[in-house]
1. Among the numbered criteria (1) within 14 Å of ligand 1 (Cβ to nearest atom); (2) in a strand (DSSP E or B), which single criterion is violated by residue 179?
2. Considering only the range 354-362, I want to know if a residue exists there that is within 16 Å of ligand 1 (Cβ to nearest atom), crowded, with 19+ Cβ neighbours inside 10 Å and of a type outside the set (A, V, I, L, M, F, W, C).
3. Please verify whether residue 162 is touching a helix residue (DSSP H, G or I) at 6+ places or on another chain (Cβ under 9 Å), closer than 22 Å to residue 400 by Cβ and assigned to a helix (DSSP H, G or I), treating the condition exactly as stated.
4. For the range 209-224, indicate whether the set of residues that are touching a residue at least 60 places away in the same chain (Cβ under 8 Å), surrounded by 21 or more Cβ atoms within 10 Å (Cβ to Cβ) and not aliphatic (A, V, I, L, M) is non-empty.
5. Evaluate the following for residue 327: is it surrounded by fewer than 18 Cβ atoms within 10 Å (Cβ to Cβ), within 15 Å of residue 373 (Cβ to Cβ) and out of contact with any Cys (no Cβ under 6 Å at 6 or more places or on another chain)?
6. Mind checking whether some residue in the range 347-364 is within 30 Å of residue 236 (Cβ to Cβ), in a helix (DSSP H, G or I) and of a type in the set (Phe, Trp, Tyr)?
7. Out of all the residues in the range 197-218, is one or more within 23 Å of residue 147 (Cα to Cα) and within 16 Å of ligand 2 (Cβ to nearest atom)?
Amino acid sequence: MGGGGLRRLWPALFLLYGFPFQGAERQPSRLVAPLSLPATVKIRVLTLFQPRSVWLHARKQPAPLQLAGQAITLRPGAAYRLEQAADGLILWQGAQRLAAGKSLTVAADDVDVEVIGRKTRLRRHFCGALAIAARQGRLQLVVTQSLEAVVASVVNAELPSEAPLEAGKALAVAARSYMAGHLGRHAGDGADFCDSTHCQLFLGEQWMRQGATGEASGKLSRLGQAAAEQTAGEALRATDGALYPTYFAACCGGRTTTPEEAFGNGTAPHTGGGVGCEWCKGSRFYAWTRQVERRALAKALLPDAAATDDLRIEVAGRSPDGCVTSVSVISGARRMVLPNRQFRHLAGQRLGWNLAPSSRYVIESQGETLILRGRGFGHHVGLCLAGAMAQARAGRDYRAILAHYFPKAVCAPEKSLKPAPRSGASWGALAERERATPPPPSQGRRP
Ligand SMILES: [Zn+2]
Ligand SMILES: [Zn+2]
């Protein structure tokens, strides 16, 4: 949900989700704060690409896989194509059909996965286990990895590789807490999270992309690995040990906000109020200005709007924290109020997604031009990544950074906390309910 990775991927993301945080805002948070960190996490990968077929390449050694109970070994140097078909999956080697079935499983370490589009070629390598199934005419790829491996990959994807280590460590703790508190966001896809900024960026261990705009490649950086290792098992917790289901975003623009304010779902016990942050002042998203022709914006929002002179577009509602909740379009006698999410989606779709990078903005009118002045990038909730990097550069360690954004939380490994006596419908009571439904023994997390 932010950072350098976001800069790289957001044009592609918009194609699928519209505005990047639209999906996140739709998703309700878990009601109950878990006590334990999950041992493994399931990530749906290549979500943005929704491929109909993928190529599988054995890396250095023969790679055994299972396709509908049939054992097949992929040989290094040979190319295998897995395609979605009416009745499931078909595995091809050249023109030879090797096997067919509903689902395929393989050790992710053994293979590279490649997607070849008309203009793009994308290759990824993951660790853990990879399962592929066909769903609604597309392939659905889900990797199951240890939580720590996912944390390292998320830090690597969300922050630039030159980011200071202490910022990486702060994100590692926040990402671990975020995942523990939001498992099953993509339960309908058989996964906990997707690999885009809708949940959090995840590129795996190694990646390569060839497209119309050139070539790029990368692998898990020292930053991601060191950040995960040096904070292993640490998460944000209430004093009674319950995990904070926290968030992180690219740039708060001066003040963070609560999930209730940003997403409006009100289902997650929030992690304290918003906090001031001047640390992200150096970010180009700290304060932004965008210009748009009034009529062009009205046309984007109301395609059949009459070209009247009294066409007005104004902020109609604002949350107590200053985030825009609704925008009104007034054309002649007609007045339409759009939720802010819809406003950003319609305007972004037709005029470019960069028009309103966050929900904290004002609209000014100057003749035929509307000027949007705003602060921040993303949803403003939780850890501000631009601020965390600036704090780390100023010599603050990850605990000090986290204490700034989460003043009511403690950053601690599970073992070091002793549950305190609980009362009322607090985090403690919620955690108690969680404890009453223990996870199945085969998994380190709730069903
Ligand atoms: Zn997602
Ligand atoms: Zn900030």
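The values are calculated or read from the model by the stated rules, or taken from the named source; none is laboratory data. The structure displayed is predicted, hence computed values, not measured ones. Glycine gets a Cβ as well: all are built from the backbone with ideal geometry, and neighbour counts include every protein chain shown.
1. Result: residue 179 fails condition (2) only.
2. Within the range 354-362 (the criterion being within 16 Å of ligand 1 (Cβ to nearest atom), crowded, with 19+ Cβ neighbours inside 10 Å and of a type outside the set (A, V, I, L, M, F, W, C)), the answer is no, since none of the residues qualifies.
3. Judged against the criteria, residue 162 is not a match.
4. Checked the range 209-224: at least one residue is touching a residue at least 60 places away in the same chain (Cβ under 8 Å), surrounded by 21 or more Cβ atoms within 10 Å (Cβ to Cβ) and not aliphatic (A, V, I, L, M).
5. No: the conditions fail for residue 327.
6. Checking the range 347-364: not a single residue is within 30 Å of residue 236 (Cβ to Cβ), in a helix (DSSP H, G or I) and of a type in the set (Phe, Trp, Tyr).
7. No: zero hits.
One line per residue, one yes/no per condition, for (1) under 18 Å from the mean Cα position of the chain (by Cα); (2) assigned to a strand (DSSP E or B):
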position: 133; (1), (2): no, yes
position: 150; (1), (2): yes, no
position: 172; (1), (2): yes, no
position: 199; (1), (2): yes, no
position: 204; (1), (2): yes, no
position: 209; (1), (2): no, yes
position: 216; (1), (2): no, yes
position: 223; (1), (2): no, no
